[in-house]
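Trainee: Starting off with a structure, shown below.
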Amino acid sequence: MKFLKVNMSNKTIGVEEVPQPYLGLGGRGLTSILINAEVPARCDPLGPENKLIFAPGLLSGTNLVNTSRISVGAKSPLTGTIKESNAGGTIAAALGRLGITAIIVEGQAKEGEWFVLRIDEKGEASLLPAQEYRGMRTYALTEKLLQTYGDKTSVMCIGPAGENRLKAASIQTSDIDGRPCRAAGRGGLGAVMGSKGLKALVVDQRGNSPDAVADPETFKESAKAFAKAVKDHPFSGQLLPNLGTAGLVAPVNAMGAFPSYNATKGVMDGWEKISGETMAQLINERRGNPSHMGCAQCIVHCSNVYNDKDGRYLTSSLEYETIWAMGGMTGIDDLDTIARLDFLCDDFGLDTMSTGVAMAVAMDAGYKSFGDRSAALQMMEEIAQGTALGMILGNGPEAVGHHFNHSRVPVVKGQSIAAYDPRAMQGNAVTYATSPMGADHSAGNVIGEYMAQKLDPLKAEGQVEASRNTQIAMAAVDCTGLCLLASFALTTPEGGMAFLQAMNAKFGTQLGPEAIPQLGIRVLRAEREFNHKAGFTNKDDRLPEFFYKEPLPPHNTVVIISDQEMDSTFNF
Amino acid sequence: MKVRVKTYGTVTPGPAAARAGQEIEMEIPEGANVGDLLAHLGISPSQGGTVVMNGRILSKEGDLVDGALVQIFQVMHGG
């Protein structure tokens with residue numbers, strides 16, 4: 001239980017016991033509560049007063065399955081709000097095994113100075129000059145770092161996009177195979193890392209000084225029971241290992257909620273060509289891997305390795321949100337092009353969602369035609385070359401809308417929506433509008449409620465409550481290190497009980513089921529408080545005008561949640 | 001009446017139908033509802049609980065329309 005405080009201004013590293021106010025916190029809970037307490041809310045997100053925090057989840061580094069999420073937090077240059085963006089891979093488990101609760105990066109290196117933060121297997125940290133890595137893309141950089149520090153190393157890094165402080169810059173992290181293809185994509189936190197002068201974290205995976213487990217026997221038993229619940233759940237045990245998140249392409253199109261051609265239609269023409277079913281078939285034919293283990297401790301294997309037609313590696317892992325942003329929104333119905341764009345984003349260090357939507361806005365504004373594959377690749381090249389238009393695209397959809405004087409820009413608080421149109425899924429309209437993160441696909445996605453027929457996606461009734469409950473649940477899950485995709489096992493009696501038992505056995509607590517939503521509410525309150533101090537009010541919890549006025553085919557509906565209802569979301 | 005049926009993901013129809021992912025045309029009794037169709041296909045609710053016709057999710061009691069495409073999914077969550 002220690003904080004590693006890294007001051008980039010004077011290049012010092014301090015180690016301290018976790019202070020009392022932060023005890024019992026991990027992941028998003030820790031990043032958000034700490035940022036709210038210590039970062040001046042009106043500071044420049046790319047200035048020295050902002051803090052960039054890396055926090056593994058509460059259970060990361062233990063033997064509990066699927067607990068390898070790391071939360072990255074800061075004030076976002078994209079949204080101006082508090083931000084938590086989380087990623088899988090191996091680094092959360094590596095930090096957990098070293099008993100590191102958080103790395104807090106403060107201050108700012110001088111312009112043009114670059115560093116790597118290395119943490120060895122004993123947990124000793126050092127800041128090393130990294131001028132030689134300047135300008136490197138993430139695949140080449142990660143390969144070089146693994147050569148230098150050994151295969152048993154986790155890397156978390158930025159590419160040129162982060163160095164250039166683009167607002168859609170991601171932070172990439174290495175998967176089980178040492179590829180930098182897992183991303184803390186949202187919110188432009190790669191730009192914050194770039195502003196600090198930090199090119200990469202490298203963490204030895206062989207640490208053996210984790211925080212103690214209070215009751216190892218009970219922990220072991222409950223971990224076993226939880227693993228069974230994850231395997232038994234039809235979503236994490238069957239669908240995800242076969243199709244990955246891309247399995248969502250078909251049902252969301254069938255429901256008329258797949259925002260296509262910059263959110264002008266709810267069904268994409270030819271969506272079958274980019275569906276999860278088609279993708280799995282292609283991957284098998286090309287000897288890729290449709291059921292790849294991407295993250296430490298993972299038993300779901302939702303990741304994939306996508307090869308080109310000659311059987312050569314093209315990308316990993318092709319996900320639903322990327323297929324939507326690079327395919328549905330741009331009208332590109334070709335998985336190979338989408339996979340190439342995905343790889344280029346990972347390599348350059350860009351959020352695939354913000355980048356795809358930025359291209360779609362440019363197309364909608366008339367710069368290029370929807371469906372033009374070479375235009376999309378050319379726009380990526382513009383970003384890579386750092387041309388004026390490339391910088392605008394790399395700053396996300398809102399910047400593109402301003403440039404072209406185009407108002408159909410599907411963002412909330414500057415961040416693009418995800419692959420569910422709010423006009424055809426009214427609960428996700430509530431989440432996009434009210435989440436402290438800006439529009440976000442993992443802050444409170446209600447699609448499961450619709451597919452289980454608990455709620456009608458087109459009616460206003462019940463949507464605010466569904467969004468509220470899901471936002472609370474997600475805020476809590478994001479504290480634990482548990483992967484969202486395994487977390488639906490918590491909704492079964494066996495899975496929920498096993499997980500709670502594991503938490504209590506780890507920390508020697510006697511928490512009841514009510515502790516989970518209480519934690520989520522605490523986190524959301526801190527995030528809302530920060531945003532309020534930063535100048536945000538309820539009036540910012542609104543969708544762009546076109547979602548209220550332009551009916552979305554095929555249902556021809558608009559967002560019907562009133563402002564008053566939106567404002568009741570956080571009545572807790 | 002006749003309906004066209006297509007299953008997705010890991011929903012696997014029983015021997016009465018073709019393999020998953022293939023669209024099939026089926027003759028069903030007049031007035032048959034969603035629950036009847038799922039039973040006929042041998043698809044349990046936990047396996048394929050979401051039935052979509054004309055862009056809307058139907059309950060088990062939902063009526064089917066002659067000639068319509070019926071899409072069957074398992075319940076999924078956001079990713």
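Trainee: Could you count how many residues in the stretch A:436-454 are surrounded by 21 or more Cβ atoms within 10 Å (Cβ to Cβ) and either of a type in the set (Gly, Ala, Ser) or more than 10 Å from chain B (Cβ to nearest Cβ) (or both)?
Mentor: Pass one, the stretch A:436-454, residues surrounded by 21 or more Cβ atoms within 10 Å (Cβ to Cβ): A:436-447, A:449-451.
Adding the requirement that they be either of a type in the set (Gly, Ala, Ser) or more than 10 Å from chain B (Cβ to nearest Cβ) (or both) leaves A:436-440, A:442-444.
Total satisfying the criteria: 8.
Trainee: I want to confirm something. Restricting to the stretch A:33-54 and keeping residues that are farther than 21 Å from A:ARG522 by Cα and in contact (Cβ under 8 Å) with a residue 40 or more places away in the chain, which single residue is surrounded by the fewest Cβ atoms within 10 Å (Cβ to Cβ)? Write out each step before concluding.
Mentor: Step one: filter the stretch A:33-54 for residues farther than 21 Å from A:ARG522 by Cα, giving A:42-50.
Cutting the leftovers down to in contact (Cβ under 8 Å) with a residue 40 or more places away in the chain gives us A:42, A:45-48, A:50.
On the way: A:ARG42: 11, A:PRO45: 26, A:LEU46: 18, A:GLY47: 14, A:PRO48: 16, A:ASN50: 23.
This residue is A:ARG42.
Trainee: Tally up the residues in the stretch A:292-317 that are crowded, with 18+ Cβ neighbours inside 10 Å and either under 14 Å from A:ASP175 (Cα atoms) or out of contact with any Ser or Thr (no Cβ under 7 Å at 6 or more places or on another chain) (or both), please.
Mentor: Selection size over the stretch A:292-317: 16.
Trainee: Of the residues B:VAL51, B:VAL65, B:VAL75, only one is hydrophobic (A, V, I, L, M, F, W, C), buried (at least 16 other Cβ atoms within 10 Å of the Cβ), at pLDDT 90 or above and part of a loop (DSSP other than H, G, I, E, B); which? Walk me through how you get there before you give the answer.
Mentor: Values: B:VAL51 fails: part of a loop (DSSP other than H, G, I, E, B); B:VAL65 fails: buried (at least 16 other Cβ atoms within 10 Å of the Cβ).
Answer to the check: B:VAL75.
Trainee: All but one of (1) more than 14 Å from chain B (Cβ to nearest Cβ); (2) within 23 Å of the chain's Cα centre (by Cα); (3) assigned to a loop (DSSP other than H, G, I, E, B) hold for A:ALA339; state the number of the condition that does not hold.
Mentor: Of the numbered conditions (1) more than 14 Å from chain B (Cβ to nearest Cβ); (2) within 23 Å of the chain's Cα centre (by Cα); (3) assigned to a loop (DSSP other than H, G, I, E, B), the odd one out for A:ALA339 is (3).
Trainee: Every residue in the stretch A:371-417 that is of a type in the set (D, E, K, R), buried (at least 22 other Cβ atoms within 10 Å of the Cβ) and either more than 26 Å from the chain's Cα centre (by Cα) or assigned to a loop (DSSP other than H, G, I, E, B) (or both), please. Even if it seems obvious, please write down each step before you answer.
Mentor: So in the stretch A:371-417, the residues of a type in the set (D, E, K, R) come out as A:372-373, A:381-382, A:398, A:408, A:413.
Subsequent filtering for residues that are buried (at least 22 other Cβ atoms within 10 Å of the Cβ) retains A:398, A:413.
Scanning the stretch A:371-417 gives a single hit, A:LYS413.
Trainee: Something else now. From the list A:GLY244, A:GLY256, which one is in a helix (DSSP H, G or I) and either closer than 23 Å to A:SER317 by Cα or within 9 Å of another protein chain (Cβ to nearest Cβ) (or both)?
Mentor: Values: A:GLY256 fails: in a helix (DSSP H, G or I).
Just one listed residue meets the conditions, A:GLY244.
Trainee: Also: Just to be sure I understand the filter: pairs with C-beta atoms under 9 Å, separated by 6 or more residues or on different chains, first member in the stretch A:57-78 and closer than 20 Å to A:CYS302 by Cα, second member surrounded by 24 or more Cβ atoms within 10 Å (Cβ to Cβ) and aromatic (Phe, Trp, Tyr). Which pairs pass?
Mentor: A:LEU64/A:PHE226; A:LEU64/A:PHE499; A:VAL65/A:PHE226; A:ASN66/A:PHE226; A:ILE70/A:PHE54; A:SER71/A:PHE54
Trainee: Looking at the stretch A:184-234, which of its residues are of a type in the set (Val, Ile, Thr) and surrounded by 17 or more Cβ atoms within 10 Å (Cβ to Cβ)? Steps first, answer last, please.
Mentor: Of all residues in the stretch A:184-234, those of a type in the set (Val, Ile, Thr) come to A:192, A:202-203, A:213, A:218, A:230.
Passing the criteria: A:VAL192, A:VAL202, A:VAL203, A:VAL213, A:VAL230.
Residues checked against (1) in a helix (DSSP H, G or I); (2) touching a strand residue (DSSP E or B) at 6+ places or on another chain (Cβ under 9 Å):
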position	(1), (2)
A:ALA476	yes, no
A:LEU482	no, no
A:THR509	no, no
A:PRO517	yes, no
A:PHE536	no, no
A:HIS555	no, yes
A:MET566	yes, no
A:PHE570	no, no
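The values are calculated or read from the model by the stated rules, or taken from the named source; none is laboratory data. Just so it is clear, the structure is predicted and the values come from calculations on it, not from any experiment. No Cβ is skipped: glycine too gets one built from the backbone with ideal geometry, and neighbour counts run over all protein chains shown.
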